[in-house]
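The values are calculated or read from the model by the stated rules, or taken from the named source; none is laboratory data. Keep in mind it's a predicted model, so treat the numbers as computed, not measured. Cβ: placed from backbone, ideal geometry, glycine included. Neighbour counts: every protein chain shown. With ligands, DNA and RNA removed, areas are computed over all heavy atoms of the protein, side chains included. Shrake-Rupley method; radii C 1.70, N 1.55, O 1.52, S 1.80 Å.
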Amino acid sequence: MPSVVQVEPLTTARALRGPFDYLRPEGVDVGSVLVVPFGHRDVVGVVTGLADGSEHDPVAPRRVLDARLPAELVDLALWMAAEYCSTPARALSLLLPPKGTRAKTALWAQPSGAVDAAERLSERQRALLASLPRFAAGDLAALRRLEGRGLVHIAPRIVRRAPLHVPVGAARAQPELTADQAAALRAIVTAAPGERLLLHGVTGSGKTEVYLQAAAAVLAAGGGVIVLVPEIALTPQIVARFVARFGDTVAVLHSKLSAGERHDEWARLRAGEARVCVGPRSAVFAPVRALGLVVVDEEHDASYKHEGDPRYDARRVAERRAAQAGAVLVAGSATPRPESVHALSRLRLPERVDGAPLPPVEIVDMRAAQRALHPLTHEALADARKAIVLLNRRGWSNFLTCRSCGHAWGCPSCDVTLVMHRADGLLACHHCGHREPVPARCDACGSVSIARHGTGTERLESELEGTVFRLDAEVADPARVLAAFEQAPRGVLVGTQMVAKGHDFPDVDLGVVLDADATLRFPDFRAEERTFALVTQLAGRAGRGAAGGRVLVQTLAPDAPSIRFAARHDADGFLAGELERRRALRYPPFSTLIRVVCSSPTPGAALAAAAAVRERLGEALGPAPLFRLRGRERAQVVVKAQDRARAVAEVGAAVQAAAADRAQRAAAFSVDVDPQ
Ligand code: ADP
Ligand code: ZN
Ligand code: ZN
């Protein structure tokens, strides 16, 4: 019996390298959560290993907490820490079961079945017995007397706090699969453990139905399932369909849950009471037992990348988790990433289930246009019954300038312009949250002549006719807006990329993308891929019903390949060209990118820190200054590598060495492997 436990203390310090040895208390194993003396204080730590002895003189932990992480999740966290140049403590913190809450219990009374004494019962006692197991708090004393006579058993039971925010759908019978669906399902259920598949199907082709039936097969064989979705608030339909099909065996984990609800959902999965977990990226850490299938729906969605440290990509973690458990991974999308097309075996659903053709897409050249809406778009909107309009820019105007002196209003803490929000009377920074009142006159010259440039969703909302529903990050309850639009007989849904996510309205007969090339203007190798996905995803929302539909794409770049291929619904053409381009330029999936961002409030310190990292690396790009953010100057170094594992190790070591150098103590370091 190993007598020593190796513990990672959950501190945020990058320089600290565990694990540290402690004496092993009774019942403690890998995954146990302890409070241990560490330096001059007590900290929470997780057991990551066991040993027969120690070179040090280990002391005993202070306490053993009752939370315990399954051993395979400890492995996953340690892998994540290395894979994303983070620390075991930071990775473990993300996976830890909900702390600070316990199971909720309530007293439960049941008739014992003893009848001997039953005739000596009063009318009231008889009624009380008949009403069990329900009873009011005021009846407890009376029940205790019946318990004394052996007529009732009273015991505490765990009561489940069922999530209130789970959308409920009507149970629908399992449909007969189309030939394409059946072939995809067969490939999934016969796949070898650890196999990775890509379900590439146009919107409405029945991907979700394939996930449901694959999940049913895994459940029937005694296995468990994880289903990752981009954002629950925007994709309530898929959650509703899983709950409708599988009932209580589905646990939902997402950020809107109360601590108690999260605790209970986690515990139900851990105990094997629930065997399917549906949730956003962090659900990849759900303690599902006997994992047999991991589904990543809308696998192209950028929300799978976590922005905190470790900057993990849930899609990659899902692959790791599936491989570790011998589960099959299925990633699904109408617009899969070139990376996935390159690495996964592809299953195709080329047609919509209802046989309806994809809507025709017209490119509207805006190079000579005067206004935000082209006359053709105006006309189409007037004719449409229900339309979705995508404009990836929130607020009223993107920026203000003085007509007299040219002064532009910028954020005091970031090098970006302030966006005007007219309803709130504010200028806002979309990077740091800075706000100030809309100016009446120029700060620089006092002129009252101020120009507003550009159109955002707020302005568009006010300019469109008819019933307009707006959906963007300013909206508190997206699900409510989506439901209102769904129920309206006519109307226009206007919004940012949120309107192009996984929901499905049967009666939308027009889709419009404004400023489709906005995403192309980002200096990023994924710009083409994003633009293609946005246009294709929006096109998929239109013309699902009997009425058919059409899509208009307004753009200043009518010849951009991403827009042309999207207009032809030609995903294969786009993917082939994009993979070719990436191969030529050595971009992912033909290399790994790692970005190190250094930042500091001290002038010059960020660039100096980036130079210090660069100096410790072989081949790298930079240091290059980035725009100032939240009052901090920033600079980056980018590594483009063929050998991923080696590059991760090298960058990790370089950052650690630079961070430990006293000359760089004014700077903070952040490593992003596979930046988005
Ligand atoms: P996707 O996930 O690819 O967008 P869904 O699975 O949501 O597609 O399917 C679109 C619609 O077609 C849904 O309303 C679904 O219930 C229905 N559907 C899926 N498969 C079938 C089938 N084989 N027969 C009839 N209807 C189906
Ligand atoms: Zn001025
Ligand atoms: Zn700012």
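Max-minus-min Cα coordinates of the range 36-142 on each principal axis give 72, 32, 26 Å, with the largest extent listed first. Bridgeable lysines around LYS99 (alpha carbons under 20 Å apart, same-chain partners fewer than 8 residues away excluded): LYS256. Dividing the convex hull volume of the alpha carbon atoms of the range 1-92 by its residue count gives 95 Å³ per residue. Close amide H contacts of ALA274 (hydrogens built in the peptide plane, cut-off under 5 Å, sequence separation of 5 or more or a different chain): LEU269. Shown here for the range 596-651: trypsin sites (Lys or Arg not before Pro) in loop regions (DSSP other than H, G, I, E, B) with at most 16 other Cβ atoms within 10 Å, namely ARG630.
About its Cα centre, the range 388-546 has a charge dipole of approximately 220 debye under the convention of +1 per Lys or Arg Cβ and -1 per Asp or Glu Cβ, with nothing else charged.
If you keep only loop residues by DSSP, which trypsin sites (Lys or Arg not before Pro) in the range 533-604 have at most 13 other Cβ atoms within 10 Å of their Cβ?
Values: sites: ARG541, ARG544, ARG550, ARG564, ARG568, ARG581, ARG582, ARG583, ARG586, ARG595; in loops: ARG544, ARG568, ARG586.
Those satisfying the criteria are ARG568, ARG586.
On a full-extension model of 0.36 nm per residue, what is the gain between ALA141 and HIS453, subtracting their alpha-carbon distance, rounded to one decimal in nm? Please list the in-between numbers first.
Values: separation 312, 0.36 × 312 = 112.32 nm, distance 7.26 nm.
Length gained, ALA141 through HIS453: 105.1 nm.
A simple charge model with +1 on the Cβ of Lys and Arg, -1 on the Cβ of Asp and Glu and nothing else charged puts the dipole of the chain at about 1040 debye relative to its Cα centre. The Cα atoms of the range 518-653 cover 61, 36, 25 Å along the three principal axes, with the biggest extent listed first. Taking the charge dipole of the range 277-390 about its Cα centre, with +1 at Lys and Arg Cβ atoms and -1 at Asp and Glu Cβ atoms, the residue from MET366, LEU381, VAL295 reaching farthest to the positive side is VAL295. Probe radius 1.4 Å, ligands and nucleic acids ignored: give me the carbon and sulfur share of the accessible area of the chain as a rounded percent. Here carbon and sulfur together make up 52 percent of the probe-accessible area. Positive end of the dipole of the range 452-595 (Cβ unit charges, origin at the Cα centre): among PRO523, LEU556, SER462, the Cα lying farthest that way belongs to PRO523.
Okay, helix-only estimate at 222 nm for the chain: each DSSP H run of n ≥ 4 adds -39500 (n - 2.57), divide by all residues, round to 500 deg cm²/dmol; what do you get?
Taken over the chain, the calculation gives -8500 deg cm²/dmol.
Compactness of the range 233-377 is given as radius of gyration and Dmax, 19.4, 63 Å, from Cα positions. Taking 20 Å as the straight-line reach from the Cα of LYS207, the lysines in range (excluding those fewer than 8 positions away in the same chain) are LYS501. Close amide H contacts of THR467 (hydrogens built in the peptide plane, cut-off under 5 Å, sequence separation of 5 or more or a different chain): VAL492. Accessible area per residue (1.4 Å probe, heavy atoms of protein chains only) ranks CYS429, CYS445 as CYS445, CYS429, with the largest value leading. If only the Cβ of Lys and Arg carry +1 and only the Cβ of Asp and Glu carry -1, the dipole of the range 231-291 around its Cα centre is close to 160 debye.
Probing with 1.4 Å while keeping every protein chain in the model, the per residue accessible area of the chain equals 45 Å².
DSSP assigns beta bridges within the chain; of those with both partners inside it, close to 55 percent run antiparallel. If we count every other residue with Cβ under 10 angstrom of ARG452's Cβ, Lys/Arg +1 and Asp/Glu -1, where does the sum land? Residues near ARG452 contribute +2 overall.
I need the semi-axes of the equivalent ellipsoid of the chain: take the C-alpha gyration tensor, multiply each eigenvalue by 5, square-root it, list largest first in whole angstrom. Walk me through the intermediate numbers first.
Numbers: eigenvalues 414, 266, 150 Å².
Those come to 45, 36, 27 Å.
Computed over the alpha-carbon pairs of the range 268-324, the distance histogram in 5 Å steps reads 4, 18, 30, 24, 15, 8, 1 percent, short to long. Ranking of PHE669, PHE285, PHE522 by solvent-accessible surface, largest first: PHE522, PHE669, PHE285 (1.4 Å probe, protein heavy atoms only, all chains present).
Largest first, the residues GLU273, GLU474 sort by 1.4 Å accessible area into GLU273, GLU474. Taking the three principal axes of the alpha carbon atoms in the range 406-527, the coordinate ranges are 54, 37, 22 Å, sorted in descending order.
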